[in-house]
Amino acid sequence: MNSEELFLRSKNVVPGGVHSPVRSFASVGGTPVFFSEANGAYLKSVEGKQYIDYCLSFGPLLFGHRHPEIQEVVEDTVKKAWSFGACEPYSLELAEFITSRIPWVEKIRFVNSGTEAVMSALRVARAATGRSKILKFDGCYHGHLDQLLVKAGSGLAGLSSSDSKGIGPEIIQNTLVLPLDDEDALEKLFQEQGKDIACLAIEPVPANYGLLPQRTEFLKKCRELTNKYGTLLLFDEVISGFRVSFQGMAGLTGIVPDLVCYGKIIGGGFPVGAYAGKKDLMDLVAPSGPVYQAGTLSANPVGMRAGLKTLTKAWNENPYPELESKTKKLTSGILKLLEESGENDWEAVTFGSLFWLKGKTKNTVRTITNIPSDHKAKFAIFFHKLLNAGVYLAPSGYEVGFLSTVHSDEVIEETLNKTKQALKEIK
Ligand SMILES: *Cc1c(COP(=O)(O)O)cnc(C)c1O
């Protein structure tokens, strides 16, 4: 069966044929490729076609698909146990590994996804402060929990409107939304409502609506105002944690959050999330405190050991400087080819091993309102050229690209050759 046939079948039994919306190719058009195997930097489709993968499961695979050292640990674990629903040493090892290397992670609780991590951290924040309101920023994604699935509402600053049907106004009445990159709006909102805000949640490198690196001064302002008003600062490092540096964005900026969420890389490709923070906050969580949170499959041994192996490699090998330079090499190579083929209106935003290709703009884009309006259509054309040539980008112009350590110079060279071919053929 080819991808087209599988997608038709899938649409009969699964909403939109997929288990997560972006996979459907709705944003770029066409039929999604069905993959059956992956190895290193490569994906193999059910048709047997090979693709160089720059989506990497949306970030978890820092060392590429099925890195042999991680695979070995996974195979060893599967022979021993799949799940206990009881105490085991594997999650302890991962918890100790992280808490001894990230000072603001004094205690950590493992869950099964980034969404669950953020949802639980908000519960802790409300319990700790006795306040109800949560502040988030337009363009930051924190998973699909009801209370944060909101965008800025029209009219009054701070008001929100739901981003999904099924989330009534009563559920989001305590969610405030501000634009990124705007200290004045932030200051004003805190003056008016700061004493009611339990938590300011932010992706310190927003990477789920394009890549919108913030000015450090803006992040500092978030810390300054939350300190002043007794609001907790939550860094959602689900995508940036162990990706932009081992200690994530908090480590790079020196801005210490009260609560932090992880996901993606922390499970090495298996479903793991975590929320963490200072002892006094995390001790509010059951059974040591009154904030209930539980999970049947939480701290699954396969995810725990794949995560520990991944983080151990990241800590020991410090792949970050090389990942960054390879990412720059890739994007500058692509831009050069685009230019040679007559498309000189592209630019790349990169941050470590994250990259985002978009149309040229006069100023750095730090808010979603400044993303060029033709971006989606422009990306879709480029996406399909590359797909055709065997290069797989995330199938949406609002998703970022990722590199792994196995995206070697040779793989990048191969990518550029394929890109060159793709741009030539279409012309
Ligand atoms: C991916 C992501 C989430 C959601 O994690 P899931 O595991 O998909 O639930 C939350 N926050 C950020 C910043 C993310 O990148």
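Those strands (runs of 3 or more DSSP E) of region 1-102 in which at least 2 residues are in contact with an Asp or Glu (Cβ under 7 Å, 6 or more places away or on another chain), considering only elements entirely within it, cover 42-45. Search region 202-221 for residues being touching a helix residue (DSSP H, G or I) at 6+ places or on another chain (Cβ under 7 Å) and not charged (D, E, K, R), and hand back the single one that is surrounded by the fewest Cβ atoms within 10 Å (Cβ to Cβ). Per the stated criteria, the residue is Thr216. Only one entry in Val28, Val18 is over 23 Å from Pro68 (Cβ atoms), outside the structural domain of Tyr141 (by the TED database) and buried (at least 18 other Cβ atoms within 10 Å of the Cβ), namely Val28. Just to be sure, is Leu178 more than 16 Å from the ligand (Cβ to nearest atom) and assigned to a strand (DSSP E or B)? Here the answer is yes, as Leu178 does meet what is asked. Residues being within 15 Å of the ligand (Cβ to nearest atom) and hydrophobic (A, V, I, L, M, F, W, C): count how many of those fall in region 92-151. Final tally of qualifying residues: 14. The one condition from (1) surrounded by fewer than 23 Cβ atoms within 10 Å (Cβ to Cβ); (2) over 20 Å from the mean Cα position of the chain (by Cα); (3) outside the structural domain of Phe58 (by the TED database) that Asn300 does not meet is (1). Answer yes or no: is there a residue in region 49-65 that is aliphatic (A, V, I, L, M), touching a residue at least 60 places away in the same chain (Cβ under 8 Å) and more than 16 Å from the ligand (Cβ to nearest atom). Within region 49-65 (the criterion being aliphatic (A, V, I, L, M), touching a residue at least 60 places away in the same chain (Cβ under 8 Å) and more than 16 Å from the ligand (Cβ to nearest atom)), the answer is yes, since at least one residue qualifies.
Within region 92-124, the residues that satisfy the criterion of being open to solvent by 70 Å² or more (accessible area, probe 1.4 Å) and either at pLDDT below 95 or more than 29 Å from Ser20 (Cα to Cα) (or both) are Leu92, Glu93, Glu96, Ser100, Pro103, Glu106, Lys107. So which residues in region 253-285 are open to solvent by 20 Å² or more (accessible area, probe 1.4 Å) and closer than 21 Å to Glu88 by Cβ? Hits for region 253-285 are Gly269, Phe270, Pro271. Looking across region 366-389, the residues that are within 24 Å of Phe137 (Cα to Cα) and part of a helix (DSSP H, G or I) come down to Ile368, Thr369, Asn370, His375, Lys376. Per the conditions (1) in a loop (DSSP other than H, G, I, E, B); (2) within 16 Å of the ligand (Cβ to nearest atom), the sole criterion not satisfied by Gly166 is (2). Of all residues in region 286-295, at least one satisfies being within 16 Å of the ligand (Cβ to nearest atom), under 29 Å from Leu56 (Cα atoms) and in contact (Cβ under 8 Å) with a residue 24 or more places away in the chain. The single condition among (1) touching a residue at least 40 places away in the same chain (Cβ under 8 Å); (2) open to solvent by 50 Å² or more (accessible area, probe 1.4 Å); (3) closer than 30 Å to Cys222 by Cβ that Ser83 does not satisfy is (3).
Please work out if Leu200 is within 16 Å of the ligand (Cβ to nearest atom), part of a helix (DSSP H, G or I) and modelled with pLDDT of 95 or more. Considered against the rule, which asks whether it is within 16 Å of the ligand (Cβ to nearest atom), part of a helix (DSSP H, G or I) and modelled with pLDDT of 95 or more, Leu200 comes out as no. State whether the residues of region 35-42 include one that is at pLDDT 95 or above, open to solvent by 30 Å² or more (accessible area, probe 1.4 Å) and closer than 22 Å to Glu237 by Cα. No: zero hits.
A single member of Leu323, Leu225, Leu233 is open to solvent by less than 10 Å² (accessible area, probe 1.4 Å), touching a strand residue (DSSP E or B) at 6+ places or on another chain (Cβ under 8 Å) and either more than 16 Å from the ligand (Cβ to nearest atom) or touching a residue at least 40 places away in the same chain (Cβ under 8 Å) (or both), and it is Leu225.
The values are calculated or read from the model by the stated rules, or taken from the named source; none is laboratory data. Owing to the predicted nature of the structure, the values given are computational and were not obtained by experimental measurement. Here the Cβ is made from the backbone with ideal geometry for all residues, glycine too, and neighbour counts use every protein chain on show. Ligands, DNA and RNA are stripped out before the accessible areas are found, and what is left, the full protein with its side chains, is counted by its heavy atoms. Shrake-Rupley method; radii C 1.70, N 1.55, O 1.52, S 1.80 Å.
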